[in-house]
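Peer 1: What follows is a single structure, and I will ask about it in a moment.
The values are calculated or read from the model by the stated rules, or taken from the named source; none is laboratory data. No experiment lies behind these values; they were computed from the predicted model shown. No Cβ is skipped: glycine too gets one built from the backbone with ideal geometry, and neighbour counts run over all protein chains shown. The accessibility values were calculated without ligands, DNA or RNA, using every heavy atom of the protein model including side chains. Shrake-Rupley method; radii C 1.70, N 1.55, O 1.52, S 1.80 Å.
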Amino acid sequence: MKIVKANGEVEHFSEAKLLRSLKRAGASEEIAREVLQLLQEDIHNGIPSHRLQRRAFRHLKHLRKPIASRYDLKRAINELGPSGYPFERLMGEIFTHQGYQVSVGKIMRGKCVQHEVDVVGNRDKTLLLVECKYRNAPGYKCDVKVPLYIHSRFEDIRAAKGLSAEHVQGVIATNARFSGDAIDYAACVGLQLIGWDYPKQGSLRDLLDQLQLYPLTVLTELSKAQKQALLNKHMVLCRDILEAPETLEHLPGRISEAWQQRVIKECERLVTLP
């Protein structure tokens, strides 16, 4: 049995890989096996991987909603667009939780020209410069041209500030993946890369789970229109809803007290799952 990935590659379907992804989201062995059993009728040769994931999500949603939300995290990140600002804000929150004082969308003077830097952080005399490459099209990869270009921008800023290389940390963050050449070049010049599943420890997926910084687009109780209305208010995280639950009263659609409590409860469960 083979499945077709988002980038067009074909690979053999792996029950073990599916079980790992379900358990990673917090499913027990019993629930993961139950979802796998329910999927048997859905799986056919050549099924697109995204369709398989959506069907797994629907089965998991009936069993444990918060776990389903975590399992569907990649799709939820892809729903943050089309503007890149929510993703920049998300990355800013990640570095804030790592002890940086963070600004999002800052204009900085380089030695030659001005640059807009998506996320700027300061911690222990280290200047953090982060370029965010948000993509909501499946199968996209950041190739070597991206770190080549970003490294030159960061070097221009470093030269203007007269800082040594060890006091400036450049980062490229994406919800997509990196090509092999991009990874090799970044390692050579000292750029840190954060991709959906790169590096093996400290990937975007890892950081969001560890810090429980889940975007509000994971919530199963919200419609697409309601999610977009919250994003338009510059709310990005489930934690934003918990901090300002009154914003739910002004969303489009049928709003009831019971529904608002379900949304809040889903947020609470997400940020307390082990």
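Peer 1: Scan the range 1-83 for GluC sites (Glu not before Pro) in coil per DSSP, keeping those whose Cβ has at most 13 other Cβ atoms within 10 Å, and list them by number.
Peer 2: Those satisfying the criteria are Glu9, Glu41.
Peer 1: Enter the accessible area per residue of the chain (Å², integer; probe 1.4 Å; all protein chains in place).
Peer 2: Per-residue value: 51 Å².
Peer 1: Residue by residue, what Karplus-based ³J(HN,Hα) values in Hz, rounded to whole numbers, does the range 40-48 have, using 6.51, -1.76 and 1.60 with θ = phi - 60° and x for Gly and Pro?
Peer 2: So the J values, rounded to whole Hz, are 4, 6, 8, 7, 9, 4, x, 5, x.
Peer 1: State the label only: which of [x] 1.00; [y] 1.02; [z] 1.34 corresponds to Rg/Rh (Cα atoms, Kirkwood Rh) computed from the shown model?
Peer 2: [x]
Peer 1: Here is a further query. Would you kindly derive the ³J(HN,Hα) couplings of the range 154-160 from the backbone phi angles with the Karplus curve 6.51 cos²θ - 1.76 cosθ + 1.60 (θ = phi - 60°), listing them in order in whole Hz, with x for Gly and Pro?
Peer 2: 5, 5, 5, 5, 4, 5, 5
Peer 1: Going by Cα centres, the range 112-153 and the range 177-240 are how many Å apart?
Peer 2: 14 Å
Peer 1: Next up: From the phi of every residue in the range 233-242, what ³J(HN,Hα) in whole Hz does the Karplus formula 6.51 cos²θ - 1.76 cosθ + 1.60 yield, where θ is phi - 60° and glycine or proline is x?
Peer 2: 8, 6, 9, 10, 9, 4, 5, 4, 5, 5
Peer 1: Right, something else. What FRET efficiency comes out for the pair Arg254/His62, r = Cβ-Cβ distance, R0 = 25 Å, nearest 0.05?
Peer 2: Using R0 = 25 Å, I get an efficiency of 0.65.
Peer 1: Then there is this: With a 1.4 Å probe and all protein chains left in place, how much of the accessible area of the chain comes from carbon and sulfur atoms, in whole percent?
Peer 2: Ligands and nucleic acids excluded, carbon and sulfur reach 48 percent.
Peer 1: Out of residues 5 or more away from Gln192 or on other chains, whose amide H comes under 5 Å of its own, with H placed 1.01 Å from N in the peptide plane?
Peer 2: Gly170, Val171, Ile172
Peer 1: Note the angle between two axes, namely the Cα long axis of helix 29-39 and the longest principal axis of the Cα atoms of the chain, as a number of degrees from 0 to 90, rounded to the nearest 10.
Peer 2: Computed tilt is about 70 degrees.
Peer 1: May I pose another question? Only Lys, Arg, Asp and Glu count, each charged at its Cβ (+1, +1, -1, -1), so figure out the dipole size of the chain about its Cα centre, rounded to 20 debye.
Peer 2: Dipole magnitude for the chain comes out near 320 debye.
Peer 1: On to the next question. Would you calculate the separation in nanometres between label points at Gln201 and Val113, each defined as 7 Å from the Cα along the Cα-to-beta-carbon direction?
Peer 2: Going by the 7 Å Cα→Cβ label model, 4.0 nm.
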